[in-house]
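In what follows, a single structure is set out as structure tokens and then discussed.
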């Protein structure tokens, strides 16, 4: 399996996949360079220019310029900033990213500041979502005024909506 543009190992078949945008050959922003193993507990701040995969437990702050993958068994209690984030485990804390995906096994308690959000069926999310103000809602055009519809005479097989006339 290939994820984030890198070569995946066969044991990573259950690892969430983050679609990486081509960054002009900047492998450090898309490749997973570090892993916190399933039997590892980290308390403190994590900062890096590459990608990170968390299989274990993390408590503190996580600031990355690359991608973050939080696998199914992972437990994270942190404020998180990263390029793209995929959550299959549990996160308690606010998240800021370009794109966040909460997979069906993912659980998030905290506010999200994102440009794109994907929440799979079965996922749990409790918090608020904030998106950039530069996005404009679609502009709806008023309906074009045309001639009034002709009054139909009720005949056999014709359905007519009847509304009682109200006195003026």
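The values are calculated or read from the model by the stated rules, or taken from the named source; none is laboratory data. Here the structure is a predicted model, which means the values were calculated and not measured. Every residue, glycine among them, receives a Cβ derived from its backbone with ideal geometry; neighbour counts consider all protein chains shown.
A few comments on the model shown:
- Residues within region 116-131 that are surrounded by 12 or more Cβ atoms within 10 Å (Cβ to Cβ), part of a loop (DSSP other than H, G, I, E, B) and modelled with pLDDT of 95 or more, tallied: 3
- Residue identified as within 15 Å of the chain's Cα centre (by Cα), at pLDDT below 95 and either crowded, with 18+ Cβ neighbours inside 10 Å or more than 29 Å from residue 135 (Cβ to Cβ) (or both) among 20, 82, 88: 20
- Condition broken by residue 101, with the remaining ones in (1) in a loop (DSSP other than H, G, I, E, B); (2) surrounded by 18 or more Cβ atoms within 10 Å (Cβ to Cβ); (3) at pLDDT 95 or above satisfied: (1)
- Among the residues listed as 73, 66, the single one being out of contact with any strand residue (DSSP E or B) (no Cβ under 9 Å at 6 or more places or on another chain) and either in a strand (DSSP E or B) or in contact (Cβ under 8 Å) with a residue 24 or more places away in the chain (or both): 73
- Residue match in region 43-51 (condition: farther than 22 Å from residue 120 by Cα and either under 18 Å from the mean Cα position of the chain (by Cα) or modelled with pLDDT under 85 (or both)): yes
- For region 87-98, the condition holds for at least one residue, the condition being that it is in a strand (DSSP E or B), within 17 Å of residue 36 (Cβ to Cβ) and in contact (Cβ under 8 Å) with a residue 40 or more places away in the chain.
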